[in-house]
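K.L.:
Got a structure here, written out as structure tokens. Questions coming.
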Amino acid sequence: MHQPPIPQIDAEDPEIAGLIHDEARRQAEKFRLIPSENYVSLAVLEACGTVLTNKYSEGYAGRRYYEGQQLIDPLETIAQQRAQALFGADHANVQPYSGSPANLAVYLAFAQPGDTILAMSLSAGGHLTHGSPVSVTGKWFRPVHYGVRRETGRVDMDDVRDLALKERPKIIICGGTAIPRTIDYPAFAAIAAEAGAVLVADMAHIAGLIAGGAHPSPVGHAPVITTTTHKTLRGPRGAMILTDAEHASPIDKAVFPGLQGGPHNHTTAGIAVALHEAARPEFRTYAAQVVANAKALAAALLDRGYDLVSGGTDNHLLLVDLTNKGIAGKPAAKALDRAGIELNFNSVPFDQRRPLDPSGIRLGTPALTTRGLTEKHMPLLAAWMDEAITAASKDDEAPLDRIAAEIRDLLADFPIPGWSA
Ligand SMILES: *Cc1c(COP(=O)(O)O)cnc(C)c1O
């Protein structure tokens with residue numbers, strides 16, 4: 001059953017209501033291991049479904065282009081203040097529609113078309129918006145990429161420094177979407193200072209860990225920090241850019257009017273509510289548990305002979321190279337999905353296979369931690385994963401539905417916000 005219920009959609013548009021109900025059930029019945037996903041609280045869900053969506057508010061508090069901002073101005077100001085307080089930043093812009101536009105705003109603020117930017121390559125764990133050739137950021141700028149060391153699976157800081165001093169990028173980005181290890185912000189800051197570049201920390205994946213004290217913070221090292229709000233931070237889909245005082249104005253101008261029109265006020269409310277939750281002591285417990293669960297899952301998979309990129313994890317995320325298991329990432333991910341374990345196929349560093357059919361899988365523990373699962377459940381999860389992957393490697397589909405049913409039974413004791421049986 002839906003909480004909060006959706007009786008109007010049920011009555012007016014059963015076709016859409018049916019899909020929403022079924023998606024809620026699907027999210028409740030599966031192990032959701034996609035490391036960028038989570039379950040938001042009921043309070044965040046409620047905030048996103050309010051009359052705030054009716055209002056246009058181009059501009060910033062006190063400087064809007066439409067009348068009627070008596071209540072939106074304090075709403076957005078509270079969201080900014082909560083972000084600034086939670087992360088200890090001078091300034092927060094809470095208007096970016098999502099992580100990709102937030103990153104584009106950074107380019108607009110600090111680079112001209114054709115300028116060089118230095119970031120992690122997509123194949124090593126960077127994001128599309130870090131200058132991939134298929135992204136506008138790769139087409140309109142001149143990306144130079146660093147990767148990881150083959151032996152360690154970790155970023156090679158000497159390589160980053162050499163590239164920075166040789167290429168003299170305007171912007172250096174640290175962070176990514178498939179990085180299982182701690183990011184060394186002070187080391188990146190030293191390189192950026194030496195090269196005369198603006199250091200941008202893209203903490204989209206790990207913002208919740210940083211807020212909860214489970215990963216070092218980029219604040220004080222990177223003058224510009226972009227993040228989504230919907231990954232480990234557990235808010236609605238959206239983004240924020242945190243800056244020091246010096247970089248605040250160019251970022252604000254780049255977001256509006258540079259890139260966007262009116263902010264999504266219902267999302268701003270959801271972000272404010274999520275930031276309030278992230279400031280509570282329970283959130284620190286959650287962040288620590290996300291990491292403890294990831295380490296326990298990594299240990300259990302290593303025990304079963306899985307090849308983890310970098311040999312393990314420091315954060316919420318695991319990258320597994322399946323080459324030694326005789327199966328590629330995509331068929332493994334498909335079989336796991338049918339077995340009730342949802343994750344994504346992913347390239348691994350130095351992948352011999354193509355990006356659309358790569359060698360690895362990427363998984364993480366934020367969502368299962370939000371549901372209340374702990375280290376003691378991780379060996380069981382690893383056993384189910386191993387059984388499904390082994391079966392799939394032999395084209396044996398027989399165990400998959402049985403595993404899905406066993407997982408459904410276990411997860412019935414860990415309800416999700418938003419739906420109950
Ligand atoms: C998810 C992510 C983004 C993009 O966020 P969207 O909201 O999907 O646009 C940007 N950078 C990193 C590192 C990410 O993980």
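Derivation of every value follows stated rules applied to the coordinates shown; laboratory data play no part. For clarity, every value in this text was computed on a predicted model and none was experimentally measured. Counting neighbours? That spans all protein chains shown, and the Cβs are built from the backbone with ideal geometry, glycine included.
K.L.:
Calculate, axis by axis, the spread of Cα positions in the range 202-360 along the three principal axes, and write the results as whole Å, longest axis first.
P.N.:
Computed over the Cα atoms, the extents are 52, 36, 32 Å.
K.L.:
Answer rounded, prolate or oblate for the chain, using the Cα gyration tensor with square roots of eigenvalues a ≥ b ≥ c: rounded when a/c is under 1.5, else prolate when a/b is larger than b/c, else oblate.
P.N.:
Working: a/c = 1.86, a/b = 1.13, b/c = 1.65.
It comes out oblate by the Cα gyration axes.
K.L.:
Which residues does a label at Q352 reach in the range 309-336, if reach means a backbone N under 13 Å from a point 7 Å past the Cα toward the Cβ?
P.N.:
322-328
K.L.:
Let me ask something additional. Using the crude model of +1 on Lys and Arg Cβ and -1 on Asp and Glu Cβ, and no other charge, please compute the dipole size for the chain relative to its Cα centre, in debye to 20.
P.N.:
On the way: 38 positive and 47 negative charges, 117 e Å.
Result for the chain is approximately 560 debye, rounded to the nearest 20.
K.L.:
Exactly which chymotrypsin sites (Phe, Trp or Tyr not before Pro) in the range 13-108 are in a DSSP loop and have at most 12 other Cβ atoms within 10 Å?
P.N.:
Values: sites: F31, Y39, Y56, Y60, Y65, Y66, F87, Y97, Y107; in loops: Y39, Y56, Y65, Y66, Y97.
For chymotrypsin sites (Phe, Trp or Tyr not before Pro) across the range 13-108 that sit outside H, G, I, E and B with at most 12 neighbouring Cβ atoms in 10 Å, the list reads Y66.
K.L.:
Another question, then. Measure off 7 Å from each Cα along the Cα-to-Cβ vector at R25 and D159, then give the distance between these two points in nanometres to one decimal.
P.N.:
Inter-label distance under the simple model: 4.7 nm.
K.L.:
By how many nm would the segment from E46 to A245 grow when fully extended, if each residue of separation counts as 0.36 nm and the alpha-carbon distance is taken off?
P.N.:
Here the segment from E46 to A245 would lengthen by 68.3 nm.
K.L.:
Right, another one. If one computes the Cα centroid of the range 293-340 and of the range 115-166, what distance in Å separates the two points?
P.N.:
25
K.L.:
Any lysines with Cα under 27 Å of the K394 Cα? List them, leaving off those in the same chain fewer than 8 positions away.
P.N.:
K30, K325, K330, K334
K.L.:
Let me ask something else about it. Which percentage, to the nearest 5, of the DSSP beta bridges contained in the chain is antiparallel?
P.N.:
Values: 23 of 39 bridges.
Among the beta bridges of the chain, antiparallel pairing accounts for roughly 60 percent.
K.L.:
For the chain, what is the calculated [θ] at 222 nm in deg cm²/dmol (nearest 500), taking -39500 (n - 2.57) for each run of four or more DSSP H residues and dividing by its residue count? Let's see the in-between values first.
P.N.:
Details: 16 runs with 179 residues, N = 421.
Mean residue ellipticity, 222 nm, calculated: -13000 deg cm²/dmol.
K.L.:
Can you tell me how the range 289-411 classifies by the Cα gyration tensor, rounded, prolate or oblate, using a/c under 1.5 as the rounded cut? Before the final figure, lay out the partial values.
P.N.:
Details: a/c = 1.78, a/b = 1.12, b/c = 1.59.
Taking the square roots of the gyration eigenvalues as a ≥ b ≥ c, the range 289-411 is oblate.
K.L.:
Still on this structure, please answer the following. Please give, to one decimal in nm, the separation of the simple spin-label points placed at E375 and D73, each 7 Å out from Cα toward the Cβ.
P.N.:
5.2
K.L.:
Taking K170 as the anchor, which lysines have their alpha carbon closer than 30 Å to its alpha carbon, excluding any fewer than eight residues away along the same chain?
P.N.:
Partners within reach: K139, K231, K253.
K.L.:
Looking at the chain, do any whole DSSP H helices span at least 18 angstrom along their long axis by alpha carbon and average -1.0 or above on Kyte-Doolittle, and which?
P.N.:
Details: long enough: 14-29 (22 Å, -0.84); 72-87 (23 Å, 0.03); 265-278 (19 Å, 0.32); 281-303 (33 Å, 0.48); 378-393 (22 Å, 0.87); 398-411 (21 Å, 0.34).
Qualifying helices: 14-29, 72-87, 265-278, 281-303, 378-393, 398-411.
K.L.:
Could you work out which residue, out of R154, R64, R181, moves most in a Gaussian network model of the chain, that is, has the largest mean-square fluctuation with Cα springs under 10 Å?
P.N.:
R64
K.L.:
Another question, then. Under the Kirkwood approximation for Rh and a Cα-based Rg, what ratio Rg/Rh is obtained for the range 272-312? Please list the in-between numbers first.
P.N.:
On the way: Rg = 14.6 Å, Rh = 11.9 Å.
That ratio is 1.23, to two decimals.
K.L.:
Sticking with this one: Translational diffusion coefficient of the range 147-236 at 37 °C, 0.692 mPa s, Stokes-Einstein with Kirkwood Rh over Cα pairs, in µm²/s as a whole number. Provide the component values of the computation, followed by the final result.
P.N.:
Working: Rh = 13.6 Å.
The estimated diffusion coefficient comes to 242 µm²/s.
K.L.:
Right, another one. So if each residue of separation counts as 0.36 nm, and I subtract the Cα-Cα distance between A85 and A299, what length gain in nm does that give?
P.N.:
On the way: separation 214, 0.36 × 214 = 77.04 nm, distance 3.54 nm.
Computed gain between A85 and A299 is 73.5 nm.
K.L.:
Find how much the distance from D115 to E12 grows on full extension, using 0.36 nm per residue of separation minus their present alpha carbon separation; answer in nm with one decimal. Mind showing how you got there, number by number?
P.N.:
Working: separation 103, 0.36 × 103 = 37.08 nm, distance 5.13 nm.
Extra length from D115 to E12 when fully extended: 31.9 nm.
K.L.:
Next up: Each label point is 7 Å from the Cα along the Cα-to-Cβ direction; what then is the distance between the points at R284 and I34, in nm?
P.N.:
3.2
K.L.:
Then there's this: Is the C-alpha gyration tensor of the range 1-99 telling us rounded, prolate or oblate? Criteria: a/c under 1.5 is rounded; beyond that, a/b larger than b/c is prolate, otherwise oblate.
P.N.:
Working: a/c = 2.93, a/b = 1.53, b/c = 1.92.
Note, shape of the range 1-99 comes out oblate.
K.L.:
Please name whichever of Q95, G175, G138 sits farthest to the positive end of the charge dipole of the range 22-180, dipole taken about the Cα centre and charges placed at Cβ: Lys and Arg +1, Asp and Glu -1.
P.N.:
Selected residue: G138.
K.L.:
What residue among F345, V148, G326 has its Cα farthest toward the positive end of the dipole of the chain, where the charges are +1 on Lys, Arg and -1 on Asp, Glu, each on the Cβ?
P.N.:
Of the options given, the answer is V148.
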